[in-house]
1. For the condition in a helix (DSSP H, G or I) and without any contact (Cβ under 8 Å) to a residue 24 or more places away in the chain, what is the one hit in Phe142, Phe85?
2. Which one of these is touching a residue at least 24 places away in the same chain (Cβ under 8 Å) and not charged (D, E, K, R): Cys148, Cys196?
3. Residues to consider are Ala185, Ala204; find the one that is at pLDDT 90 or above and part of a helix (DSSP H, G or I).
4. Going by the conditions given, is Ser126 modelled with pLDDT of 90 or more, among the small types (Gly, Ala, Ser) and touching a strand residue (DSSP E or B) at 6+ places or on another chain (Cβ under 8 Å)?
5. Taking the condition at pLDDT below 95 and within 28 Å of Val132 (Cα to Cα), does Asp173 pass?
6. Filter region 103-129 down to the residues that are in a helix (DSSP H, G or I) and loosely packed, with under 14 Cβ neighbours inside 10 Å and list them by number.
7. Out of (1) without any contact (Cβ under 8 Å) to a residue 40 or more places away in the chain; (2) under 27 Å from Ser290 (Cβ atoms); (3) out of contact with any strand residue (DSSP E or B) (no Cβ under 6 Å at 6 or more places or on another chain), what's the single condition that is false for Ala118?
8. Just one of Phe241, Phe271, Phe255 is surrounded by 17 or more Cβ atoms within 10 Å (Cβ to Cβ), modelled with pLDDT under 90 and part of a helix (DSSP H, G or I); which is it?
Amino acid sequence: MDFLTLFLLYLCFLVSVVALLCVCSGRSGIYQRSSQVLSFVIPTQLQSVTHQALHRLFHTRSSLFVVLHILLEAAVYGEYTWEVFVYCWELQFHLLLLLLPYLLLAGNVGCFLLCSRADPGIITKSNHASVVKVYAYDGVLFQKGILCPTCNMEKPARSKHCSFCGVCVQRVDHHCVWLNNCIGARNARYFLLYLCTLTAMAAAITTISAALLRHLVLLSGMMHGTYLDEQGHEQPVEIFFLVQHLFLTFPRIVFMLGFVILLTLVLGAYFCFHLYLALTNQTSNEWCKSRRYRWSHQQTLQPHDRQVAYKNIYSRGVWMNLKEIFKPPTLLERKKKT
């Protein structure tokens, strides 16, 4: 198998894995889209079995993605420890720099456990009366008097019923399949820290691995060398030849580096999005609903009358919004403020 074919297979694998990381967020829309696509390629006799499998995967709590999450981290850290750390140690990289990914891993594991085990803010019969008074209804995204047909309770403002967990959750953001838990009022702070440490882990391993490969290239003097092409002509070393050499000489390191680079970009964008939501006191659920509301509202207006139809009444400034994430408000606190 030539280098170009091998490299294309490598890119296809990377894109597939990153696509899986992006779309497997537990949204119910994934289930419908997956069912529609698979209905065209799967025989009719197997469609009912596939439908049940997809329903169980995307509409019930499962540890499958938690296991996949752990396996991916184990694979990355296994390669980092087995090769990158050893080579860097021999090349006398600073020890604290080499240990940084492990320190971030320890923090990430702590945030993972807190986020996955914490109560996200489940609304029950006993706490419903107090939860419903924490946030006011804005009359746009959240209307007073709407009942949850499953829980048979009035939906408090900023709450939503989770089809995975079968409960209503206070200030719900989304259900994260990678944590096998809802992200709500009580664990949003852990989720933000989890995303921060996860992004930092990927960025740290990316930086150290790239620095290692650069150091090896400089030590070899390859950039000033030449090679013989297929016609036997001497050619100066170029980027494509350099990438091919590194890929064939250090395949596992380059493979891991490509994966963590893409992961850093994806996680970094996702973390920035959630940081923006925290600073503006929104949730993913509210952000999506407000965009849909603005779009539908603008379709009914004349061009000269079109204005922003929705205003977030829950935002109270950057500092107070962040404080609300890390110290969720209670009914008692709300009464003091009013």
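The values are calculated or read from the model by the stated rules, or taken from the named source; none is laboratory data. The structure displayed is predicted, hence computed values, not measured ones. Cβ: placed from backbone, ideal geometry, glycine included. Neighbour counts: every protein chain shown.
1. Numbers: Phe142 fails: in a helix (DSSP H, G or I).
The conditions single out Phe85.
2. Cys196
3. On the way: Ala185 fails: part of a helix (DSSP H, G or I).
Exactly one of Ala185, Ala204 is at pLDDT 90 or above and part of a helix (DSSP H, G or I), namely Ala204.
4. On the way: modelled with pLDDT of 90 or more: yes; among the small types (Gly, Ala, Ser): yes; touching a strand residue (DSSP E or B) at 6+ places or on another chain (Cβ under 8 Å): no.
It is false that Ser126 is modelled with pLDDT of 90 or more, among the small types (Gly, Ala, Ser) and touching a strand residue (DSSP E or B) at 6+ places or on another chain (Cβ under 8 Å).
5. Numbers: at pLDDT below 95: yes; within 28 Å of Val132 (Cα to Cα): yes.
Yes: the conditions hold for Asp173.
6. Pass one, region 103-129, residues in a helix (DSSP H, G or I): 103-117, 128-129.
Listed by number, the residues that qualify are Ala106, Leu113, Arg117, Ala129.
7. (1)
8. Working: Phe271 fails: modelled with pLDDT under 90; Phe255 fails: surrounded by 17 or more Cβ atoms within 10 Å (Cβ to Cβ).
Result of the check over Phe241, Phe271, Phe255: Phe241.
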